[in-house]
1. Sort V136, V91 so the one with the fewest other Cβ atoms within 10 Å of its own Cβ comes first.
2. Given DSSP loops and a limit of at most 11 other Cβ atoms within 10 Å, what is the longest stretch of the chain that contains no such GluC sites (Glu not before Pro)?
3. Which one is right for this structure if semi-axes √(5λ) of the Cα gyration tensor in Å is calculated from it: (i) 32, 21, 17; (ii) 25, 20, 18; (iii) 23, 20, 17?
4. Mean Kyte-Doolittle hydropathy of -0.5 or higher plus an axial Cα length of 15 Å or more: which whole DSSP H helices in the chain meet both?
5. Could you work out the local net charge near D27, counting Lys and Arg as +1, Asp and Glu as -1, over the other residues with Cβ closer than 14 Å to its Cβ?
6. Net charge around P42, counting only other residues with Cβ within less than 12 Å of its Cβ (Lys, Arg = +1; Asp, Glu = -1)?
7. Okay, which of region 40-62 sit inside 18 Å, backbone N to the point 7 Å along the Cα-Cβ direction of K69?
8. Say R0 is 35 Å: what FRET efficiency, to the nearest 0.05, do D166 and D95 get from their beta-carbon distance?
Amino acid sequence: MYAKAAIRKLYIEKRIGITSQQKNKLDDLMLIQFQQLDIEIPALIMTYAPFEKFNEFNPQLITDYCYFKNPNQTLFYPVVNEEDDTMISVVVDDDTVFKPNRFGIDEPEDGLDMFPEEIDLILVPLLAFDKHGYRVGYGKGYYDKFFKECREDVVKVGFSYFDPIDSIDDINAFDVKLDYCITPDSIFTF
């Protein structure tokens with residue numbers, strides 16, 4: 001199909017083309033698909049703030065549903081360390097203050113750093129994914145590096161408004177597959 005850079009460009013354009021009315025409908029459909037996912041809703045969940053400039057799926061619907069299913073839930077958000085291009089996960093609560101990072105994505109200003117191996121479920125941002133479970137993100141590799149620090153059985157779920165592409169040409173040894181990807185019409189299992 002294409003290399004990541006070309007896929008990234010194409011899917012940013014496709015996502016920006018979704019109207020707010022279409023997005024609301026697609027978001028609701030993805031919540032319905034997530035509710036059909038055959039997993040137990042755990043207590044320790046890492047989520048993310050959407051990259052609004054690129055019309056990214058907002059996982060708040062998913063975390064609200066998870067809280068309904070498991071009120072003992074603790075949420076974690078990613079924080080990028082600009083010095084070494086890594087990412088940590090930080091515990092958040094109703095009082096957490098968020099501020100935009102250098103990319104314009106909201107991050108917690110402070111909070112308790114969580115050990116990656118403690119996390120049970122990670123909601124993963126992406127631009128596109130392929131039929132093998134690999135994803136195209138924004139190009140820095142933060143999530144793939146972070147996944148390597150997590151338990152082998154951590155559940156990684158991506159969300160895409162679009163069906164998978166056949167394959168990504170330039171997958172490398174650092175890329176980590178998702179376990180599931182949710183689209184408005186389907187659940188893809190890898």
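1. V91, V136
2. 110-151
3. Answer label, from the structure shown: (iii).
4. On the way: long enough: 4-16 (18 Å, -0.35); 20-35 (22 Å, -0.78).
Length and hydropathy pass: 4-16.
5. Net local charge, D27 excluded: -2.
6. Values: positive: K69, R151; negative: E40, E118, D120, D153.
Cβ neighbours under 12 Å give a net charge of -2.
7. Of the residues in region 40-62, 40-48, 58-62 have backbone N under 18 Å from the label point off K69.
8. That pair, D166 with D95, gives E of 0.15.
Every read-out reported here was derived from the displayed coordinates using simple, explicitly stated rules and does not represent laboratory data. Please read all numbers here as calculations on a predicted model, not as lab measurements. Neighbour counts are summed over all protein chains in view; Cβ atoms, including those assigned to glycine, are modelled from backbone coordinates with ideal geometry.
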